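S.K.: Supplied in structure tokens, the structure appears directly below.
The values are calculated or read from the model by the stated rules, or taken from the named source; none is laboratory data. Please read these numbers as outputs of a predicted model, since none were measured by experiment. In this analysis, Cβ positions are derived from the backbone assuming ideal geometry, glycine residues included, and neighbour counts consider all displayed protein chains.
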Amino acid sequence: MNHTKERDIFRPIGARYLVLPDEVKAQGTTVGEFTIETEKDPTKKAEKGTIIAMGSGCKEPMKPGDRVTFGKYSGYAHKVDGLDHLVLQESELLGELISTPFDGPLEDC
């Protein structure tokens with residue numbers, strides 16, 4: 001007899017993103033194929049996170065693993081694999097976070 005465990009996979013529909021907020025990530029958490037290094041600060045509500053999945057209607061040139069910022073009260077809470085995620089509409093994303101070495105003023109803003 002085959003006892004296969006089933007697992008629900010959440011895939012956003014339309015122009016929505018599944019984002020793992022920084023506040024729920026622990027140092028060195030591995031999410032899918034991405035290892036995320038962040039510090040947990042319990043005094044702040046997350047306004048930054050990592051895209052885990054996105055719907056087919058998303059127009060922004062982002063992909064899973066990209067870091068984004070969003071409004072403090074944006075999105076809907078959704079639990080995936082025991083972790084609290086946010087489901088954000090594309091319009092709730094404020095911007096993409098790009099890591100770059102800082103050696104002076106930003107000229108391309």
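S.K.: For Glu39, are the conditions met, namely being under 15 Å from Glu92 (Cα atoms), part of a loop (DSSP other than H, G, I, E, B), charged (D, E, K, R) and at pLDDT below 95? Working first, answer last.
M.R.: Working: under 15 Å from Glu92 (Cα atoms): no; part of a loop (DSSP other than H, G, I, E, B): yes; charged (D, E, K, R): yes; at pLDDT below 95: yes.
Criteria not met by Glu39.
S.K.: Is it the case that Glu92 is under 11 Å from Tyr17 (Cβ atoms), out of contact with any helix residue (DSSP H, G or I) (no Cβ under 7 Å at 6 or more places or on another chain) and either surrounded by 16 or more Cβ atoms within 10 Å (Cβ to Cβ) or at pLDDT below 95 (or both)? Before the answer, list the steps.
M.R.: Working: under 11 Å from Tyr17 (Cβ atoms): yes; out of contact with any helix residue (DSSP H, G or I) (no Cβ under 7 Å at 6 or more places or on another chain): yes; either surrounded by 16 or more Cβ atoms within 10 Å (Cβ to Cβ) or at pLDDT below 95 (or both): yes.
The answer is yes for Glu92.
S.K.: So in the range 66-84, with the set limited to residues that are assigned to a loop (DSSP other than H, G, I, E, B) and either without any contact (Cβ under 8 Å) to a residue 24 or more places away in the chain or among the basic types (Lys, Arg) (or both), which one is surrounded by the most Cβ atoms within 10 Å (Cβ to Cβ)?
M.R.: Ser74
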